[in-house]
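Undergrad: Structure provided below as structure tokens; questions to follow.
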Amino acid sequence: MECGHRDPYFLKTVITGDETWVYGYDPETKGNLVLLPQNENLNKNTRLELLCDHLPECFEACQTDIFMQGGAPCHTARDVKQWLRDSVVTCTRGEDLIPPPPLVTDQPYFDSSMLTNQTAHVGRQAELHCRVHSIGNRTVSWIRGRDLRILTVGRYTYTTDLRYEAIHLNGTNQWTLRIKSAQPRDQGTYECQISTKPIMAFPTYLMVLEPRGEILGAPDLFVQKGSMINLTCILHDLPEPPAYVRWFHKDKHHGARNISYSSSRGGVSMIVEKGPTTISHLLITSARVSDTGNYTCAPAGLNSTSVMVHVLDGELPAAMQTNRGSLVCAGGGGGGVCLLHAGIVLAILWLRRKLHGT
């Protein structure tokens, strides 16, 4: 209806060819249009759902049980006839009477396609949809499970948290609870309730995902001098892949520096695999003692994560003398070794010095 008032050519995109008649619709005043939710397309399923909601009242107002359907591509007469034949509404086709269905009832019911589990990301908008048929004069409310707080009733919001918003378009059967900038505390069960006696309720569980990163082998990674350093940063639960992933290196002589892939040191490269789970590999060939230090994986717009890399050169690094417990080391090809505990590292290094007389 808003489009019709704003754009005089709007009807030309809706009514084409022969004159079209719609019950309760005046082409001049553009009244009583059924507005679909934003971004919802009018297809066959949507059309049949609207018929299920509005045909009974049309039949009653017109005092008729005959329905004539046009042949628009998204809702052909054949589809509607089959729908009527499946006992959705009472209809007379010729002289054959099709019996009334259980779906046309005074009792409201929830749409069978509603989801019991939904997800959102921290800081993003979450929308919980509730679709109710044959609502009559009842109201639809959203209740938060953890504290039984009434959040919305119909189109009205009953909470001081301005992030919550009730959305309902007249003429539709959908009531939406919108949560702006979802937070971890919003995770939990929400109930869509119909004001029947007793109350009918449909629970939905909202999971709020918070992007997180990890570097395999953290917090400490031990490599042998001359082997390859392979740092793998995994980013989980992303709303979309980050624009970029940067690596920083900090040692005892310098602060955190952006790693250069074209420096004179050479042998440094990065591989990124983008997706809902994004993986960044930092590869450093021929590890040097100077490569020891803290490495940080810093994706755009997300929290960074770090790992401490120790390059072994026959000497016991001071960091290992603290006996941090479970440790991981990496390497391969040229003498890399994988150790799991600082005590094992001490014993192996001591034995090697004894065997080689160093």
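The values are calculated or read from the model by the stated rules, or taken from the named source; none is laboratory data. Computed from a predicted structure; not experimentally measured. FYI the Cβ positions are ideal-geometry reconstructions off the backbone, even for glycines, and counts take in every protein chain you see. Remember, those area values only see protein heavy atoms, side chains included, never the ligands or the DNA or RNA. Shrake-Rupley method; radii C 1.70, N 1.55, O 1.52, S 1.80 Å.
Undergrad: How many nm separate the modelled label positions at Asn170 and Ser264, each set 7 Å beyond the Cα in the direction of the Cβ?
TA: Roughly 7.6 nm, to one decimal.
Undergrad: By average Cβ neighbour count within 10 Å, what is the ranking of 137-147, 214-224 from highest down? Numbers along the way, then the final one.
TA: Values: 137-147: 16.7, 214-224: 19.7.
Highest to lowest by the protection proxy: 214-224, 137-147.
Undergrad: Further, regarding this structure: Quick one: which residues, 5 or more positions from Lys225 or on another chain, have an amide H under 5 Å from its amide H? H modelled 1.01 Å from N in the peptide plane, none for Pro or chain starts.
TA: HN-HN under 5 Å from Lys225: Leu312.
Undergrad: Show me, for the range 149-164, the HN-Hα J-couplings you get by feeding each phi into the Karplus relation (A = 6.51, B = -1.76, C = 1.60, θ = phi - 60°), rounded to Hz, glycine and proline as x.
TA: These are the phi-based 3J(HN,Hα) values: 7, 6, 8, 9, 9, x, 9, 10, 9, 10, 8, 7, 6, 5, 6, 8 Hz.
Undergrad: Can you list residues from other chains, or at least 5 along the same chain, whose modelled amide H is less than 5 Å from the amide H of Arg212?
TA: The answer is His236.
Undergrad: Also, I was wondering about something else. Given a Förster radius of 30 Å and the C-beta distance between Tyr244 and Ser286 as r, what FRET efficiency does 1/(1 + (r/R0)^6) yield to the nearest 0.05? Walk me through the numbers on the way to the answer.
TA: Working: r = 26 Å, r/R0 = 0.88.
Efficiency at R0 = 30 Å is approximately 0.70.
Undergrad: Additional query: Sort Thr157, Thr119 from largest to smallest accessible area, using a 1.4 Å probe on the heavy atoms of the protein chains.
TA: Ranked from most to least accessible, the order is Thr119, Thr157.
Undergrad: Quick one: what are the phi-derived ³J(HN,Hα) couplings along the range 106-123, Karplus 6.51/-1.76/1.60 with θ = phi - 60°, whole Hz, x for glycine and proline?
TA: 7, 8, x, 8, 7, 5, 5, 8, 5, 8, 8, 9, 9, 10, 8, 10, 4, x
Undergrad: Contour minus end-to-end for Asp111 and Ser195, with contour as 0.36 nm per residue of separation and end-to-end as the Cα-Cα distance?
TA: The Asp111-Ser195 span can extend by a further 28.6 nm.
Undergrad: Still on this structure: Output wanted: per-residue J couplings in Hz (rounded whole) for the range 293-307, from phi through Karplus 6.51 cos²θ - 1.76 cosθ + 1.60, θ = phi - 60°, x for Gly and Pro.
TA: x, 8, 10, 10, 9, 10, x, 5, x, 10, 5, 8, 9, 10, 9
Undergrad: Suppose every Lys and Arg Cβ carries +1 and every Asp and Glu Cβ carries -1, with no other charges. What dipole size does the range 134-254 come out with about its Cα centre, to the nearest 20 debye? Kindly include the intermediate steps, with their values, before the conclusion.
TA: Numbers: 15 positive and 11 negative charges, 57 e Å.
Approximately 280 debye in magnitude.
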